[in-house]
Amino acid sequence: MNTNWTEHNIAELFDAYDDWEENTFGYQPLIADLTSSHGKEISVLDYGCGSGKVARRLRDDGFNYIADVDISPIMIGKAISAGGNHLHFEKIHGSNLPFSDNSFEAAISCFLFINIFERCELLRITTEVMRVLKPGGSYYILDTHPRTTGVDYPTYRNGEHGISYQYGDNRPVYLTIPGRQQPLEIVDKQWDLSTYRNTFAAAGLTLTTERSLPFDNSQLPAHMNEFRTLQDTKPYILLRATK
Ligand SMILES: C[S@@+](CC[C@H](N)C(=O)[O-])C[C@H]1O[C@@H](n2cnc3c(N)ncnc32)[C@H](O)[C@@H]1O
């Protein structure tokens, strides 16, 4: 069964999760690519924004306009109460986004595809993103790398040790929550890289970037020295497709 993001306890614990690793090795490379491709004077759609952690980073980094949508009213509520100045949060109702065609220079979805359990839903979301992107606009997907499972990263483990996950499997993910002994367990879907490529192609987007993002010891604070053996493992994938 997939993670119920409308459940209060899940929203609460996910919001308390320290996303240092996602930020260092995932969000920051995404933001750097977005900046070099489109600059910051742009409108960005954050689809599957959760409690707004990425949106606040984009805003604080100087991006012009950020619209944030999510299916979960609890996650949107958390995003608003965490400080929504200059951000525009909306709960998604039905299958259409409340934006006109050709509204955004860029859209991002971080850790959304692995939370969508049906291929047809991936395509529906991507087609809707395609509609609201301006011609030449980019859709960025950041997810955990489907081939990097069972690795003990500083704050999470994606899948059980020693198990090789196959396309379509449900995969447990364990997030360490500060001050709590038990990890938060959520369930992701095991897609493969062709799932992303085929979904973009079917929605009419052209894949322009596909990167495996590495764990990099030069970013590790001293108290995390025990994780230096993870150097060059690839915790995340970043894909960019253009309209
Ligand atoms: C793992 S969280 C990631 C949140 C945020 N992008 C981040 O990186 O912190 C996944 C989010 O996707 C949202 N979500 C799941 N299915 C969705 C859908 N069909 N449409 C929009 N959002 C969805 C959930 O409510 C949840 O907030």
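FYI, it's all coordinate maths here, none of it is from the lab. For clarity, every value in this text was computed on a predicted model and none was experimentally measured. As a convention, Cβ positions derive from the backbone with ideal geometry for all residues, glycine included, and neighbour counts pool all protein chains shown.
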* Asked: For the stretch 188-218, which trypsin sites (Lys or Arg not before Pro) are both in a DSSP coil and crowded by at most 10 other Cβ atoms within 10 Å?
  -> none
* To do: State which entries of Lys53/Lys189; Lys40/Lys234; Lys40/Lys189; Lys91/Lys189; Lys134/Lys189; Lys91/Lys134 exceed 26 angstrom in Cα-Cα distance in the structure shown.
  => Lys40/Lys234; Lys40/Lys189; Lys134/Lys189
* Asked: Using 7 Å Cα-to-Cβ label points, what is the Ser218/Asp192 separation (nm, one decimal)?
  -> 3.4 nm
* Amide H neighbours of Ser103 under 5 Å, counting only residues 5+ apart in sequence or on other chains, H built in-plane at 1.01 Å? -> Leu133, Lys134
* Could you give the distance between the Cα centres of the stretch 192-222 and the stretch 77-125, to the whole Å? -> 19 Å
* To do: Taking the dipole about the Cα centre of the chain, with the C-beta of Lys and Arg at +1 and of Asp and Glu at -1, give me whichever of Gly83, Leu133, Trp5 is farthest to the positive side.
  => Leu133
* How high is the relative contact order of the stretch 1-122, given as a whole-number percent (alpha carbon pairs under 8 Å, six or more residues apart)? -> 29 percent
* Asked: Around Cys110, with a cut-off of 10 angstrom between Cβ atoms, what is the net charge of the other residues, counting Lys and Arg +1 and Asp and Glu -1?
  -> -3
* **Rounded to whole Hz, the Karplus (6.51, -1.76, 1.60) HN-Hα couplings of the stretch 157-165, x for glycine and proline** => 9, 9, x, 6, 4, x, 9, 9, 8
* Global geometry of the stretch 66-125, whether rounded, prolate or oblate, following the gyration tensor of its Cα atoms and the 1.5 cut on a/c -> oblate
* Please get the size of the charge dipole for the stretch 152-226, origin at its Cα centre, with Cβ charges of +1 on Lys and Arg and -1 on Asp and Glu, quoted in debye to the nearest 20. => 180 debye
* Structure fact -> Phi-derived 3J(HN,Hα) across the stretch 82-99 with the Karplus relation (6.51, -1.76, 1.60, θ = phi - 60°), rounded Hz, x for Gly and Pro, is 7, x, x, 3, 6, 10, 10, 8, 9, 7, 7, 10, x, 9, 9, 7, x, 9
* Hey, what angle do you get for helix 28-38 against the long axis of the chain, alpha-carbon based, 0 to 90 degrees rounded to 10? -> 20 degrees
* In nm, to one decimal, how far is the modelled label at Thr6 from the one at Gln28, with both set 7 Å along Cα→Cβ? -> 3.7 nm
* Extension gain Asn64-Arg147, at 0.36 nm per residue separation less the Cα-Cα distance, in nm? -> 26.4 nm
* Extending each Cα 7 Å along its Cβ direction at Glu210 and Asp18, get the distance between those two points in nm, one decimal. => 3.5 nm
* Along the charge dipole of the chain, Cβ charges K/R +1 and D/E -1, which of Gln182, Ala106, Ile92 sits furthest on the positive end? -> Ala106
* **Residue-averaged 222 nm ellipticity for the chain, from DSSP H runs of 4+ at -39500 (n - 2.57), nearest 500** => -7500 deg cm²/dmol
* Structure fact -> In the stretch 31-130, the GluC sites (Glu not before Pro) that sit in a DSSP loop and have at most 13 other Cβ atoms within 10 Å of their own Cβ are Glu41, Glu118
* Asked: Just Arg171, Arg147, Arg119 to compare: in a GNM of the chain, with alpha carbon springs under 10 Å, which one fluctuates most?
  -> Arg119
* Would you mind working out the magnitude of the charge dipole of the stretch 1-159 relative to its Cα centre, with +1 at each Lys and Arg C-beta and -1 at each Asp and Glu C-beta, to the nearest 20 Debye? => 240 debye
* Relative contact order (%) - criterion: Cα under 8 Å, at least six apart; region: the stretch 147-228 -> 19 percent
* Asked: What is the chain's relative contact order, in percent, from Cα pairs under 8 angstrom and six or more apart in sequence?
  -> 20 percent
* Structure fact -> For the stretch 149-241, listing GluC sites (Glu not before Pro) in a DSSP loop whose Cβ sees at most 14 other Cβ atoms within 10 Å gives Glu160
* To do: Once you've got the GNM for the chain with C-alpha springs shorter than 10 Å, pick whichever of Ala106, Ala203, Ala82 has the biggest mean-square fluctuation.
  => Ala82
* With θ set to phi - 60°, apply the Karplus curve 6.51 cos²θ - 1.76 cosθ + 1.60 along the stretch 232-243 and write out the HN-Hα couplings as whole Hz, x wherever there is a Gly or Pro. => 6, 5, 10, x, 9, 10, 10, 10, 10, 10, 10, 7
* Choice from Thr24, Thr229, Thr148 with maximal GNM fluctuation in the chain (Cα, 10 Å cutoff) -> Thr229
